[in-house]
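Participant: This is the structure I want to talk about, given as C-alpha cells.
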Amino acid sequence: MTQEEIRRFRERLLKWYRTVKRDLPWRKTRDPYRILVSEIMLQQTKAETVVPYYERFLNHFPDPQSLAESTTEDVLKLWQGLGYYRRARYLQDAARTVLRVHDGEIPTDVRELRKLPGVGEYTAAAVASIAFRTPVAVVDGNVTRVLARVFKLTSPSGSRTLKNEVQELATQLLAPEAPGDFNQAMMELGATVCTPKSPKCSECPVQSFCQAAQDGQPEAYPVSPARHSVPQVHVAVGLIWGDGRLLLSKRFDDVMLGGLWELPGGKIEPGETPAECVKREIQEELGVEVAVGEQVATVRHAYSHFRVVLECFRCEVRSGEPRAIGCADLAWVKPDDLANYPLPTATVKILKAVGLAPARNETGEDQTG
C-alpha cells in the first residue's frame, strides 16, 4: 500500500469501529489491570462468553492485591467453565509479581509487561496500546485473518512465516495517534465481519483494499495447513459415596486442569474394559479396593487438541481408607456443596447426568491447561 492508501485504510477502519463497536465492559476503562484481565480471558475465548466471567471476577478481585492475596482455589472456582485454566494461575502469578516487583502497579513498558507470568507478545501489546496508548501493533487470530485476506498472504496458517508477515503489515498499518482503538478495530473486524466462514464483505469498511474479496475468494485465506485427525481418549471414573457425601480427588497443580476437583479414575488402557480401568485407577489413585457396580453415565467432551469419552460407574469401597496417593488431595463433599469446588466441565457433565447438577458452569468448554 502507498502512504495515502494506508492513511485511508486507517481512517475508514477507525470511523467504522467508533460507530459500530460492540458494547463490551473492558472497552469502558483504561485501567491496565482490568484490561490485562480481559485480554487473558479473551485468549482462545469469544467475547460474549467472557463478559459474565470478567464482571464476576473483577467483583471479587478488583485490583492486583486482592487477586494476589486470594487462594488459588478461589480463583479457579471463579474461572470454572471458562477453560484453559492455566491462564487463571498465570494471572494470579502476574498479580503477585506486580505487587512484589512493581509496587502494585501494572508496568507501562512492553518489555516489562512481557516479563509477567502468562503475558506474551500479543497480550503485552494489547495492554500497552489500550491502557497506555503505546504505538505497538497486536496480532491475534482475527488480525491474522483480516490481513491474510487483504494482502492475499499464501503462507500456511499457524506458520512462523505468516506470523512474521502479519506482524510487519500490522505495524505498518497501525494508527500511531490511536493505537488502542486501531488494534481493537482490527480485532473487531475479524470477530464480527471478516469471520472464518461466510464473511460479510459488503459490510467491511476496508473492502476496497482487500485483494481476496476482489477475487471473490476470501475464505481461501489464511491458507489452511494439512489437517490431522483429532485423537480420542477413553476414561473411566467412579462415583464413591460415604455417609451421603461424594468423594472427589484434586488434580496436581502441574498437569492439565491442575488444581481442579474431579471424580477419581483415569485413562482406559488397551485391552482393558472400562470397569477394569476404574477399579485399577482407583486402587492406584486412592489406595483402596472397590467393587464396581452399574454404569450410570457416558459423556463426551472436546478439548482443544483431543476429545474424551468418560464412562462413569457406581463404586463401593471394599477395603482400605481412601488416601491421596495418585492425586493432590481428597474431599468428601455433600451434594449441596459441589458448587463450592472448581470442577472441569467434563466432571460437571457427569454430575448433571446422574442428577447432581452443581451451580454455574456456563460455557461447556474447558479446552486445555
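The values are calculated or read from the model by the stated rules, or taken from the named source; none is laboratory data. Model, not experiment: these values are computed from the prediction. Cβ placement follows ideal geometry from the backbone for every residue including glycine, while neighbour counts extend to all protein chains displayed. Side chains included, ligands, DNA and RNA excluded: accessible areas come from the protein's heavy atoms. Shrake-Rupley method; radii C 1.70, N 1.55, O 1.52, S 1.80 Å.
Participant: How long is the gain from D254 to R7 if the chain were fully straight, where each residue apart is worth 0.36 nm and the alpha carbon distance is subtracted?
Facilitator: Working: separation 247, 0.36 × 247 = 88.92 nm, distance 4.81 nm.
Using 0.36 nm per residue and subtracting the Cα-Cα distance, I get 84.1 nm.
Participant: Check which residues have an amide H placed less than 5 Å from L246's amide H, if you skip close sequence neighbours.
Facilitator: Hits under the 5 Å cutoff: V333, K334.
Participant: Compute the FRET efficiency between D337 and R307 as 1/(1 + (r/R0)^6), taking r as their Cβ-Cβ distance and R0 = 30 Å, and round to the nearest 0.05. Working shown, then result.
Facilitator: On the way: r = 30 Å, r/R0 = 1.01.
My answer for the efficiency is 0.50.
Participant: Another question, then. For segment 278-331, what class follows from the C-alpha gyration tensor (a ≥ b ≥ c being the square roots of its eigenvalues): rounded when a/c is under 1.5, otherwise prolate if a/b is larger than b/c, else oblate? Numbers along the way, then the final one.
Facilitator: Details: a/c = 3.00, a/b = 1.49, b/c = 2.02.
In terms of gyration-tensor shape, oblate.
Participant: When the helix-only estimate is applied to the chain (DSSP H runs of n ≥ 4, each -39,500 (n - 2.57), divided by the residue count), what is the mean residue ellipticity at 222 nm, nearest 500 deg cm²/dmol? Display every interim value, and only then the final one.
Facilitator: Numbers: 14 runs with 153 residues, N = 369.
It comes out at -12500 deg cm²/dmol, rounded to the nearest 500.
Participant: Tell me the label only: which of [x] 30, 28, 19; [y] 41, 25, 20; [z] 44, 24, 16 is semi-axes √(5λ) of the Cα gyration tensor in Å as calculated from this structure?
Facilitator: Matching entry in [x] 30, 28, 19; [y] 41, 25, 20; [z] 44, 24, 16: [z].
Participant: While we're here: Would you calculate the separation in nanometres between label points at Q65 and R111, each defined as 7 Å from the Cα along the Cα-to-beta-carbon direction?
Facilitator: The two pseudo-label positions are separated by 3.0 nm.
Participant: Taking R0 as 45 Å, what's the FRET efficiency between R30 and R245 from their Cβ-Cβ distance, rounded to 0.05?
Facilitator: Values: r = 48 Å, r/R0 = 1.06.
The computed FRET efficiency comes out at 0.40.
Participant: Taking all protein chains in place and a 1.4 Å probe, what share, in percent, of the accessible surface of the chain do carbon and sulfur account for? Walk me through the numbers before you get to the answer.
Facilitator: Values: 8120 of 17440 Å².
Carbon with sulfur: 47 percent of the solvent-accessible area.
Participant: Around V288, with a cut-off of 11 angstrom between Cβ atoms, what is the net charge of the other residues, counting Lys and Arg +1 and Asp and Glu -1? If you can, show how the numbers build up before the last one.
Facilitator: Values: positive: K279, R318, R323; negative: E284, E285, E289, E316, E321.
Net local charge, V288 excluded: -2.
Participant: Convert each backbone phi in segment 215-228 into a coupling constant with the Karplus relation 6.51 cos²θ - 1.76 cosθ + 1.60 (shift: θ = phi - 60°), then list the ³J(HN,Hα) values in order as whole Hz, x for Gly and Pro.
Facilitator: 8, x, 9, x, 6, 6, 10, x, 5, 6, x, 4, 7, 10
Participant: Which FRET efficiency, nearest 0.05, do Q283 and A357 yield, Cβ-Cβ r, R0 22 Å? Mind showing how you got there, number by number?
Facilitator: Values: r = 29 Å, r/R0 = 1.33.
The pair Q283/A357 has a calculated efficiency of 0.15.
Participant: Using a 7 Å offset from the Cα along the Cα-to-Cβ direction at both D215 and T273, what is the distance between the two label points in nm, to one decimal?
Facilitator: 5.8
Participant: Take segment 158-298, drop everything but the C-alpha atoms, weight them equally and run the Debye formula without solvent; then report log10 I(q)/I(0) at 0.12, 0.13, 0.15 Å⁻¹ to two decimals.
Facilitator: Results for segment 158-298 at q = 0.12, 0.13, 0.15 Å⁻¹ read -0.73, -0.75, -0.82.
Participant: Please give the per residue accessible area of the chain, computed with a probe of 1.4 Å over protein heavy atoms only, in Å².
Facilitator: Values: 17440 Å² over 369 residues.
About 47 Å² of surface per residue is accessible.
Participant: Same structure again: Take every DSSP beta bridge whose two residues both sit in the chain, then give the antiparallel share in percent to the nearest 5. Intermediate values should be presented prior to the final figure.
Facilitator: Numbers: 23 of 33 bridges.
Of all bridge pairs located within the chain, approximately 70 percent are antiparallel.
Participant: Can I ask one more? Dipole of segment 176-235, Cα-centred, from +1 at each Lys and Arg C-beta and -1 at each Asp and Glu C-beta, to the nearest 20 debye?
Facilitator: The dipole magnitude comes to about 340 debye.
Participant: Can you list the lysines whose alpha carbon is less than 20 Å from that of K163, not counting same-chain residues fewer than 8 positions off?
Facilitator: K152
Participant: In whole Hz and in residue order, list the ³J(HN,Hα) couplings for segment 254-269 that follow from phi through the Karplus curve 6.51 cos²θ - 1.76 cosθ + 1.60, θ = phi - 60°; x for Gly and Pro.
Facilitator: 9, 10, 4, 6, x, x, 8, 9, 8, 6, x, x, x, 6, 6, 7
Participant: Let me ask something else. Cβ under 15 Å from Q65's Cβ, Q65 left aside: what net charge do those residues give with Lys, Arg +1 and Asp, Glu -1?
Facilitator: -4
Participant: Still on this model: With +1 assigned to the C-beta of every Lys and Arg and -1 to the C-beta of every Asp and Glu, and no other charges, what is the dipole magnitude of the chain about the Cα centre in debye, to the nearest 20?
Facilitator: Numbers: 47 positive and 48 negative charges, 232 e Å.
Magnitude of the dipole: close to 1120 debye.
Participant: Angle check, please: helix 86-101 long axis (alpha carbons) against the longest principal axis of the chain (alpha carbons), in degrees 0 to 90, nearest 10.
Facilitator: 70
Participant: If you scale each eigenvalue of the Cα gyration tensor by 5 and take the root, what three semi-axes come out for segment 93-174, rounded to whole angstrom and sorted largest first? Don't jump to the answer; show the numbers that get you there.
Facilitator: Working: eigenvalues 172, 34, 13 Å².
In descending order, the three semi-axes are 29, 13, 8 Å.
Participant: I'd like to compare 227-240, 257-270: which one has the highest average count of other Cβ atoms within 10 Å, and what's the full order after that?
Facilitator: Values: 227-240: 16.0, 257-270: 19.9.
Order by mean packing, descending: 257-270, 227-240.
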